[in-house]
Amino acid sequence: MRRLFLSLVFLLTGSLTSAQTPSDQSNFGCPVGFAASRQATGRIMSADEMRRSGPAQGLHLTLNNRRTPAIESIEVTVYGTSQKGLLLPVDAPFTDTISKTFQFHRTPDDASLSDADVWMHLVGSLSWADLISITYADGTTWQATEHFKCRAVASNFMLVGRK
């Protein structure tokens, strides 16, 4: 009976934990499916290389195009936490969130842009990505607005040996 009770406690705790993940995935009006998964570094680095470039975090972004024209290019802003120690400054606004904007273009071999890999150095952890704009092959564009957003929150789950 005790094992059944403990199993139920763990099950409920896991459910509540997953329910408390950021629900700011306000993708209302997003013309594509947009997802992010964490990337592991796929190469061996020497200590000297690591010191020069610093640790890196990566996200694999996937796009599921729901429209007929192919995606020609996208602009994405990736957000993460700073690698600096978390100190609370006395006379300056405090933010530990950093961001960087990337542009990706379809290669001539691909029918449409469907995925991209983002890497940032000297970052604590990558948290989410916002799709800023999409340019389609027919010349039409989509721009994010305050009410129409595409956000992909990175899962904390990472498969070993997966690209």
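Laboratory data are not the source of any read-out in this text; all were calculated from the coordinates shown. Predicted model only: the values in this text are computed from it and were never measured. FYI the Cβ positions are ideal-geometry reconstructions off the backbone, even for glycines, and counts take in every protein chain you see.
Quick notes
- Subset of segment 126-146 that is in contact with a Ser or Thr (Cβ under 9 Å, 6 or more places away or on another chain) and loosely packed, with under 13 Cβ neighbours inside 10 Å - its residue that is nearest to Y79 (Cα to Cα): Q143
- Selection count where residues are among the polar types (S, T, N, Q) and more than 18 Å from A35 (Cβ to Cβ), scope segment 93-132: 6
- Taken over segment 56-76, the residue count meeting the criterion of being within 9 Å of the chain's Cα centre (by Cα) and not hydrophobic (A, V, I, L, M, F, W, C) is 2.
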